[in-house]
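Any read-out appearing in this document is the output of simple, stated calculations on the displayed coordinates, not a laboratory observation. All of these numbers come straight from a predicted model, not from anything done at the bench. Positions of Cβ are generated from backbone atoms using ideal geometry, with glycine treated the same way; all protein chains shown enter the neighbour counts.
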Amino acid sequence: MAVILSGKYVLYRDARMAGKSTVSWRLVMRRVTLGLVLTLAATASLAAEVYTWKDKDGRTHYSDTPPPAGVATGLKEQSVQQPLEGAGTSPKALNEQMRSLNERQAKRTEEAKKQDAQAQQQAAQKQYCDGIRNRMAQFETGGRLSRMVDGERVIYTDEERAAEMAQMRGQLAKDCKG
């Protein structure tokens, strides 16, 4: 183990760690200090009430507990966390706020479900109409088309083709407007 003196900080380096970086003591202390400061700041903000009073000698005291019973002069209660103006703090008011919040969330959820169902229905309708249009395009090409009847291939006659095309045009006009 080697000792490296750098200013007023001492770093210890093991011979096996040659070439590898080590964390300096200064960096570790900064992180620990930052963690302590953040912890203290968080706990200080959780204090609900601060009491201020003067004792018989004229000294001012600050505390989170009420002053002794004999010291009632100059009592000042300060609330660190002020409630929002207009916001009810009674249990009834809080219950009413929660109920209205739940109702709004239920409405939003219901609207989202309706929109999803409508989008799925539109997608299915588009797929149906595209299928009819593709089949119609096949019939309009004029080539030989066939269908399966009882496991056998049967070719469409001109009359069957015309009837099938008329039926598809009717489906397009009825179901696929636009």
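Looking only at segment 135-178, filter to residues that are among the charged types (D, E, K, R) and part of a loop (DSSP other than H, G, I, E, B); which one of those is nearest to Gln125 (Cα to Cα)?
Within segment 135-178, the match that is nearest to Gln125 (Cα to Cα) is Lys177.
Could you list, in sequence order, the residues of segment 141-157 that are surrounded by 10 or more Cβ atoms within 10 Å (Cβ to Cβ) and small (Gly, Ala, Ser)?
Result: Ser146, single match.
Checking Met136 against (1) surrounded by 11 or more Cβ atoms within 10 Å (Cβ to Cβ); (2) under 30 Å from Glu49 (Cα atoms); (3) of a type outside the set (D, E, K, R), only one condition comes out false. Which one?
Met136 satisfies all of (1) surrounded by 11 or more Cβ atoms within 10 Å (Cβ to Cβ); (2) under 30 Å from Glu49 (Cα atoms); (3) of a type outside the set (D, E, K, R) except (2).
Under the condition of being out of contact with any Cys (no Cβ under 6 Å at 6 or more places or on another chain), of a type in the set (A, V, I, L, M, F, W, C) and surrounded by 11 or more Cβ atoms within 10 Å (Cβ to Cβ), which residue from segment 158-178 is nearest to Cys129 (Cα to Cα)?
Leu172
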